[in-house]
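These notes are about the structure you will find just below.
The values are calculated or read from the model by the stated rules, or taken from the named source; none is laboratory data. Everything numeric in this text was worked out from a predicted model, so none of it was measured. Positions of Cβ are generated from backbone atoms using ideal geometry, with glycine treated the same way; all protein chains shown enter the neighbour counts. What goes into the accessible areas is simple: the full protein's heavy atoms, side chains included, and nothing from ligands, DNA or RNA. Shrake-Rupley method; radii C 1.70, N 1.55, O 1.52, S 1.80 Å.
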Amino acid sequence: MGIGLSFIAASKGYKLILTMPSYTSLERRVTMRVFGSELVLTDPTKGMGGAVKKATQLHESTPNSFMLQQFENPSNVKVHFETTGPEIWEDTLGQVDIFVMAIGSGGTVSGVGRYLKSQNPNVKIYGVEPAESNILNGGKPGPHLITGTGVGFKPGILDMDVLEAVLEVSSEDAVKMARELALKEGLMVGISSGANTVAALRLASMPENKGKLIVTVHPSFGERYLSSVLFQELRDEAEKMQPVPVD
């Protein structure tokens with residue numbers, strides 16, 4: 001969301017201050033800075049909750065400021081009800097049986113879920129959260145690698161009533177799948193896309209879902225993770241490459 005806000009703020013001439021945990025990838029930071037956004041990095045051990053707290057403090061101390069509140073703003077859900085949901089419905093010719101999506105703010109899975117169920121109450125909606133930070137399943141918040149998900153608290157806009165269940169995916173499995181998607185499918189995507197795919201394949205393997213049309217989303221490009229653990233081995237390899245002689 002930070003990158004989207006950054007290019008909109010630049011085009012409108014708004015000053016934008018973004019808070020985020022310091023584990024945010026270097027590529028994301030640079031991209032937001034390209035658009036002129038001011039970045040404030042917060043203690044990674046405090047997670048997204050710490051970033052939200054800092055944003056609230058900045059909002060309260062900055063005259064004429066407005067805080068969008070992605071975890072509380074109903075417009076987050078509304079835009080996915082009005083756009084992403086209809087797109088999925090139309091592209092599948094109304095044949096979608098299952099939608100599965102990792103939960104960050106909860107806007108996508110809630111908006112899409114409400115729309116698809118308004119068209120067909122039998123459509124099943126599943127959320128995804130990191131196994132290491134499974135608070136929606138009654139666990140505790142914890143560090144994980146699936147950026148943009150597992151924020152450590154239940155977002156106010158998340159509609160749990162629309163969900164069949166919240167599936168847990170480990171960081172290790174998400175990273176492994178993201179790498180496989182590049183090598184086997186030509187899809188260079190981020191870690192949360194890997195988590196979504198793991199969950200979708202898990203659902204597809206269940207006997208009761210045989211022949212069902214399952215939809216998920218790959219929400220970010222892999223280029224935004226080049227400095228992260230996702231491509232660490234390849235980055236190390238590339239840095240050690242030496243030129244060969246040319247006669």
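The table below lists the values:
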{"read-out": "Residues of type lysines that Lys154 reaches as a straight line, Cα spacing below 24 Å, ignoring anything fewer than 8 places off in the same chain", "value": "Lys46, Lys53, Lys54, Lys78, Lys117, Lys124, Lys140"}
{"read-out": "Fraction of accessible area attributable to carbon and sulfur, the range 48-193 (%, probe 1.4 Å)", "value": "51 percent"}
{"read-out": "Rounded accessible area per residue of the range 142-247, 1.4 Å, Å²", "value": "58 Å²"}
{"read-out": "Check: the chain dipole with +1 on Lys, Arg Cβ and -1 on Asp, Glu Cβ, in debye", "value": "540 debye"}
{"read-out": "Solvent exposure ordering (accessible area, 1.4 Å, most first) of Val112, Val40, Val229", "value": "Val229, Val40, Val112"}
{"read-out": "Relative contact order computed over the chain (Cα-Cα under 8 Å; 6+ residues apart), in percent", "value": "16 percent"}
{"read-out": "Estimated FRET transfer efficiency (Ala182, Phe66; beta-carbon r; R0 51 Å; 0.05)", "value": "0.85"}
{"read-out": "Shape parameters for the range 33-188, alpha-carbon atoms, Rg then Dmax in Å", "value": "17.2, 51"}
{"read-out": "Alpha-carbon gyration tensor eigenvalues x 5, square-rooted, for the range 1-111, Å", "value": "29, 16, 15"}
